[in-house]
Amino acid sequence: MIEENRRLQAIINQNFKIGQLVGHSNALRNILEEVAQVAATNATVLIRGESGTGKEMIASLIHANSQRAGQPFIKVNCAALPEGLVESELFGHERGAFTGAVSGRKGRFEMAHGGTLFLDEVGDMSLSTQAKLLRVIQEKEFERLGGGETLKVDVRILAATNRDLEKMAEDGQFRMDLYYRLSVFPVSLPPLRKRADDIMDLAESFAQKFSPQPSRPIQISSEASRLLMAYEWPGNIRELENYIERAAVLCGPEGVIEERHLPTWLQAQQDDGEPRTLDDSVASLEKRLISEALESTGGHVTQAAAKLGLTERKMSLRMVKYKIDFRTFRSKRQP
Ligand SMILES: Nc1ncnc2c1ncn2[C@@H]1O[C@H](COP(=O)(O)OP(=O)(O)OP(=O)(O)O)[C@@H](O)[C@H]1O
Ligand SMILES: [Mg+2]
C-alpha cells in the first residue's frame, strides 16, 4: 500500500500536468490520484459533482494527460442539443440529407476521431438521444445522416453530470445500459464547502487572474477572507470566481478586496456565535435557498422561482429584500 501510494504521488508530482488547477485539500489530492491513474488508460470516465465544482476542468485534464493529448478534444453539451438536430450534430450529415443541408458536415464523433469526446450534462439527454448514443458507444460505428457508408471511429468517452443518474435510471429517465457504459470509472468532485482548504487558494488565484496589472496582484483583506471561508458556496467554484471578478472591479486602484466588495448575503450568513432569533435564521435560510436556486439555473429568475414554488413577483420582492442580484449567477457556460 505504502509503495503504491508513493508511486502515485510520484506520478502526480512529476508527470501529471495540472494546468490551471488550483487547490491543496486532501479531497482534491485524492481526486487527482484517481484522475492520474485513469488518464493514461482508454477507460470511460463519468465525472460527477454539483454545478461549478470543476467537472469540465477535470475532463480537459484527463485528455491533456492521456496518450490522446495531441489529438482533438471535442465537447458536446448534451443539454443544449435540440431533438431535431441531435443526429446531425453527433453523427454529421451528407449534402442534401435534409432541407437546408447544402453541404456535408462532420459530426462530433467524427471530429473526435483519435481523440476524446466529452459528453457534458449527460443527464440532460432525452431517452431517444440516449438510445442513439448508446449504439455508437457500443459499436463504435455509425452512419452520417443521409449517408450509406458506415464510419468507424476511435474515440475515448468522458462524460459529466450534476444529476443523480441512479435515481433517474430508477425512475426510467435514464437508460440503465447507458448508465453502466458510462460509469466504468466514476470520479466525484466534492462541493467547495467540503474542501474549505481550497477556498483561499482559489480566491487568491482568481484575484490574480482578474488583476488589471499582473505584476500587481489584487490582495484579499483578512476580514474579506474570513467571510469567504465562512460561506457555504452553493454555486461552488464558479460562484467564487464570479464574486472575485466582481470584487476585483469594485475595489478599484487600491487593489485590495475588502468585505464591502463582496455580496451582502456573504456578510449576513456568518455565525458569530450569538444566539439567533427565529426570524434571523429563517431569513438566512431563505436567502440561501434563493441564491442556490439562482445558481442552479444560471441566474434565470423565472426558472428559479418555479423551483422554489414562488411566483415571479414574490421571488423578485425577496431578491430586493435580500439585495440579491441575479446577474451574479449568470454562468459562463455556453448555450
Ligand atoms: N481546481 C480549480 N482550480 C482553478 N479553477 C477551477 C478549479 N475548478 C474549477 N475551476 C474554475 O471554475 C469554473 C467552473 O468549473 P467547471 O466549468 O469545470 O465546472 P462544472 O462542474 O463543469 O460546472 P457546471 O456543472 O456548472 O457545468 C471554471 O471557470 C473553472 O475554470
Ligand atoms: Mg460543466
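Treating cross-link reach as a plain straight distance, find the lysines whose alpha-carbon is under 19 Å from the alpha-carbon of K140, omitting any fewer than eight places away in the same chain.
K75, K106, K132, K152
Could you tally up the Lys pairs in the range 273-335 with alpha carbons closer than 18 Å? Skip any pair fewer than 8 positions apart unless they're on separate chains.
Pairs that pass both the separation and distance tests number 5.
Could you give the size of the charge dipole of the chain about its Cα centre, using +1 on the Cβ of each K and R and -1 on the Cβ of each D and E, expressed in debye and rounded to the nearest 20?
With Lys and Arg at +1 and Asp and Glu at -1, about 700 debye.
So how much slack lies between E254 and D164, counting 0.36 nm per residue of separation and subtracting their Cα-Cα distance, in nm?
Gain in length upon complete extension: 27.9 nm.
How big is the Cα convex hull of the chain in projection, averaged over all directions, in nm²?
21.9 nm²
For the range 273-335, what D do you get in µm² per second when you plug the Kirkwood radius from alpha-carbon pairs into Stokes-Einstein at 4 °C and 1.567 mPa s?
106 µm²/s
Between T277 and A69, take the C-beta separation as r, use R0 = 56 Å, and let me know the FRET efficiency to the nearest 0.05.
The calculated FRET efficiency here is 0.50.
I'd like to know which of L61, L228, A169 lies farthest towards the positive end of the charge dipole of the chain, counting +1 on Cβ of Lys and Arg and -1 on Cβ of Asp and Glu.
L61
Just from the alpha-carbon atoms, what are the Rg and Dmax of the range 80-234 in angstroms?
For the range 80-234, the Cα-based Rg and Dmax read 21.7, 66 Å.
Mind telling me which of V153, V249, V282 comes out most flexible in a GNM of the chain, alpha-carbon contacts under 10 Å?
Residue with maximal mean-square fluctuation among V153, V249, V282: V282.
Taking the chain as a Gaussian network, Cα atoms linked when under 10 Å apart, which of E259, E286, E121 shows the biggest mean-square fluctuation?
Of E259, E286, E121, the Gaussian network model singles out E286 as fluctuating most.
Enumerate by residue number the trypsin sites (Lys or Arg not before Pro) in the range 170-218 meeting two conditions: DSSP loop (anything except H, G, I, E, B), and at most 15 other Cβ atoms within 10 Å of the site's Cβ.
Sites meeting the loop and neighbour criteria: none at all.
Counting every Cα pair in the range 179-241, what percent are over 15 Å apart?
58 percent
How much of the calculated P(r) for the range 126-207 lies past 20 Å, in percent of all Cα pairs?
Roughly 53 percent, once rounded to a whole number.
Going by amide H atoms built from the backbone, whose H comes under 5 Å of the H on E143, apart from near neighbours?
Long-range HN contacts for E143: L151.
Only counting other Cβ atoms within 10 Å, I'd like D177, D120 sorted with the fewest neighbours first.
Lowest count first: D177, D120.
What does the extension gain come out to for K323 and A40, with contour length at 0.36 nm per residue minus their alpha carbon separation?
So the extension gain works out to 97.1 nm.
Under 13 Å Cα to Cα from K17, which aspartates and glutamates show up? Leave out anything in the same chain fewer than 8 places away.
Correct list for K17: E33.
Between G49, G299, G146, find the one with the highest GNM mean-square fluctuation for the chain; connect C-alpha pairs within less than 10 Å.
In the Gaussian network model the winner is G146.
Using label points projected 7 Å from each Cα along Cα→Cβ, tell me how many nm separate T99 and A79, to one decimal.
Label at T99, label at A79, 3.2 nm between them.
FYI, it's all coordinate maths here, none of it is from the lab. Source: prediction; values computed, not measured. Quick reminder, even Gly has a Cβ in these numbers, built from the backbone with ideal geometry, and neighbours come from all protein chains shown.
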